[in-house]
Protein chains: 2
Amino acid sequence: MEKQHNLSKNQKIIFDLIDKSHEPLKAYSILFNVQKKGINAPLQVYRALDKLVEIGKIHKIESRNAFIACQNSSCQISKATAFSICESCEKVSEISNTKLSKYLLNFTDEAGMKYSKYNLEFFGLCKKCKSKE
Amino acid sequence: MEKQHNLSKNQKIIFDLIDKSHEPLKAYSILFNVQKKGINAPLQVYRALDKLVEIGKIHKIESRNAFIACQNSSCQISKATAFSICESCEKVSEISNTKLSKYLLNFTDEAGMKYSKYNLEFFGLCKKCKSKE
DNA sequence: TAACACTATGTAATAATATAACATTTAAAA
DNA sequence: TTTTAAATGTTATATTATTACATAGTGTTA
């Protein structure tokens, strides 16, 4: 059994918003959307985001400064993340591919180092945008 | 022969600074360091950085909002980048590994998509920091 | 050379992203 | 119940990045 994380009030509000969204959300857009629920300050948002990232419920898309819910039910504390990002419509999908993650977690650099944590972002055009070209 | 990019005055000043540095530099630290050379405003720095990234002379370390010179003499327009980042001392190294880049450029997702562009950041402890633990 | 297009520069203002510092409250554990 | 850790609330501020507008240089081609 995985460890169950009981989300606090603010964490739950913010996770629910991100989880319902079909696109990555930015911190200040989250703030704007939760002000009616009593979350007034950026720091309240960032603290919840930090915690949610830490426990693997959401991921940060580094190149976009935005956050999405983890799509991979099996990844609780996800230190190995991969995403595809459409450079036209900005659609982001999480990639859950066992072969890929195994390959990367086993990757050894020139100095013989292995890495238990990585973030990979693929860029291109999604199918929709490709067909419109 | 690769296309030769003649850097403009500001681009050269900023590239030289980054290239001499042994660590990733942040935009405002760059600004501070080039003010004696007549570059006064953030935008002048960001414009040069944008161009240098575009032509592959430097890369942005997305998780750190910082910039390093391309270590890979053969990558002019580098759309396929990989780095190792030490979570303790923040040392960053560019990984130039043909097998890895081939693997990633050939990676096909569940929808059958391939991606000609990616950025990969590995996290861990560098040798020095590991031995200090 | 003159006209044009394109790239780069300079400057001021401001937007967007993120953290520091401090006081208080709540929840969980001993 | 005491005490410890985690979360909250609030104000202020730091850091990162872009918009808008005016000007200057560079290279092409007519």
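Of all residues in segment A:44-62, exactly one satisfies the criterion of being within 12 Å of DNA strand C (Cβ to nearest atom), under 11 Å from the mean Cα position of the chain (by Cα) and more than 14 Å from chain B (Cβ to nearest Cβ), namely A:Leu49.
For A:Asn65, all conditions in the list (1) within 12 Å of DNA strand D (Cβ to nearest atom); (2) in contact with a Gly (Cβ under 9 Å, 6 or more places away or on another chain); (3) within 14 Å of another protein chain (Cβ to nearest Cβ) hold save one; what is the number of the exception? Failing condition for A:Asn65: (2). Out of B:Ser101, B:Ser96, B:Ser84, one residue alone is in a loop (DSSP other than H, G, I, E, B), more than 11 Å from DNA strand D (Cβ to nearest atom), under 30 Å from B:Ser131 (Cα atoms) and not acidic (Asp, Glu). It is B:Ser96. Counting the residues of segment B:9-25 that are open to solvent by 50 Å² or more (accessible area, probe 1.4 Å), within 12 Å of DNA strand C (Cβ to nearest atom) and either under 19 Å from B:Phe83 (Cβ atoms) or in a loop (DSSP other than H, G, I, E, B) (or both) gives 0. Tell me yes or no: at least one residue of segment B:2-23 is within 15 Å of DNA strand D (Cβ to nearest atom), in contact with a strand residue (DSSP E or B) (Cβ under 9 Å, 6 or more places away or on another chain) and within 14 Å of chain A (Cβ to nearest Cβ). Among the residues of segment B:2-23, not one is within 15 Å of DNA strand D (Cβ to nearest atom), in contact with a strand residue (DSSP E or B) (Cβ under 9 Å, 6 or more places away or on another chain) and within 14 Å of chain A (Cβ to nearest Cβ), which makes the answer no. Taking segment B:67-93 as the search range and keeping residues that are more than 8 Å from the chain's Cα centre (by Cα) and within 16 Å of DNA strand C (Cβ to nearest atom), which one is most open to solvent (accessible area, probe 1.4 Å)? Applying the filter and picking the extreme gives B:Ile77. Taken together, B:Glu90, B:Glu121, B:Glu110 contain a single residue that is among the acidic types (Asp, Glu) and assigned to a strand (DSSP E or B), which is B:Glu121. Restricting segment A:94-127 to residues that are within 11 Å of another protein chain (Cβ to nearest Cβ) and charged (D, E, K, R) leaves a set whose member that is least open to solvent (accessible area, probe 1.4 Å) is A:Glu121. The set of residues from segment B:26-44 being within 10 Å of DNA strand D (Cβ to nearest atom) and either in contact (Cβ under 8 Å) with a residue 40 or more places away in the chain or aliphatic (A, V, I, L, M) (or both) comprises B:Lys26, B:Ala27, B:Ile30, B:Leu31, B:Ala41, B:Leu43. Tallying residues that are assigned to a strand (DSSP E or B) and of a type in the set (Asp, Glu) within segment B:31-60 yields 0.
The values are calculated or read from the model by the stated rules, or taken from the named source; none is laboratory data. Note that the structure is a prediction, hence the values are computed from the model and not measured. Cβ coordinates were reconstructed from backbone atoms using ideal geometry, including for glycine residues, and neighbour counts include every protein chain displayed. Note: areas computed on protein heavy atoms with side chains; ligands, DNA, RNA excluded. Shrake-Rupley method; radii C 1.70, N 1.55, O 1.52, S 1.80 Å.
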